[in-house]
Every structure is written in C-alpha cells, then in structure tokens.
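Quick notes on the structure that follows.
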Amino acid sequence: MEAVLKRLEGKVVRIRIAGAGDEIVGKLQKVGKELAHLSDLSGREFFDAVVRVDQVSAVSVQVRGR
C-alpha cells in the first residue's frame, strides 16, 4: 500500500480506513514508511489528517474527467 500511495502524492484521493470503514478525502501531501499526510480535507477545509499506512484498506483517485 505504501508504494501505491507514494505514486499518488500530490493528488486528491479518497482513502478507506480498515475496520472502521470511514473515508477521508483530501490531497495526499506526503507518504512515509508508516504514515500518510492528507491536507485540504473535503468538508473540513481547515484540517489535515495523518493516517497509518497499514490501516488503509482502499484508495480511489479520479483519473479522467468527462
């Protein structure tokens, strides 16, 4: 999952958290070995989030427009 996330740095992604099923939508700023930093969260513009890479169960990203 770390390799997938690293390729998506700088893009807006939707991340699903394992177990909880929660989703976080934001710009993937930086991915490290254990943590991923998201900024400009959808619906929470003044917040950032840090997510454990091993807790990410799915990632989606828009790759083309209409």
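The values are calculated or read from the model by the stated rules, or taken from the named source; none is laboratory data. Remember, predicted model here, so these are calculated numbers, not experimental data. Please note: Cβ atoms are built from the backbone with ideal geometry, for glycine as well, and neighbour counts cover all protein chains shown. Note: accessible area is taken over every heavy atom of the protein model, side chains too, but ligands, DNA and RNA are not part of it. Shrake-Rupley method; radii C 1.70, N 1.55, O 1.52, S 1.80 Å.
Remark: the chain is approximated by an ellipsoid whose semi-axes, taken from the C-alpha gyration tensor as √(5λ), come to 16, 14, 12 Å, largest first. Excluding residues fewer than 8 places away in the same chain, name every one of the aspartates and glutamates whose C-alpha is closer than 15 Å to that of K33. Result set, ordered by chain and number: E2, E9, D54.
What a 1.4 Å probe finds exposed on the chain is 48% carbon and sulfur by accessible area, rounded to a whole percent. All other residues whose Cβ lies under 12 angstrom from that of V61 are scored, Lys and Arg at +1 and Asp and Glu at -1, for a net of +4. Whose amide H sits under 5 Å from the amide H of E9, counting only residues 5 or more places off or on another chain, with H placed in the peptide plane? Residues meeting the criterion, in which the H sits 1.01 Å from N, do not exist here. Annotation: amide H-H contacts under 5 Å for A18 (H modelled 1.01 Å from N, sequence separation of 5 or more, or interchain): V56, S57. Derived scalar couplings between HN and Hα for the stretch 35-45 equal 10, 10, 9, 10, 10, 6, 5, 5, x, 9, 4 Hz in order, rounded to whole Hz, by the Karplus curve 6.51 cos²θ - 1.76 cosθ + 1.60 (θ = phi - 60°), x for Gly and Pro. Over all other residues within a Cβ to Cβ distance under 13 Å of Q29, the charged ones net out to +1, with Lys and Arg as +1 and Asp and Glu as -1. Distance between the pseudo-spin-label points of D22 and R52 (7 Å out from Cα toward the beta carbon): 1.3 nm. Per-peptide packing, taken as the mean over residues of other Cβ atoms within 10 Å, places 50-56, 6-12, 26-32 in the sequence 26-32, 50-56, 6-12 from highest down.
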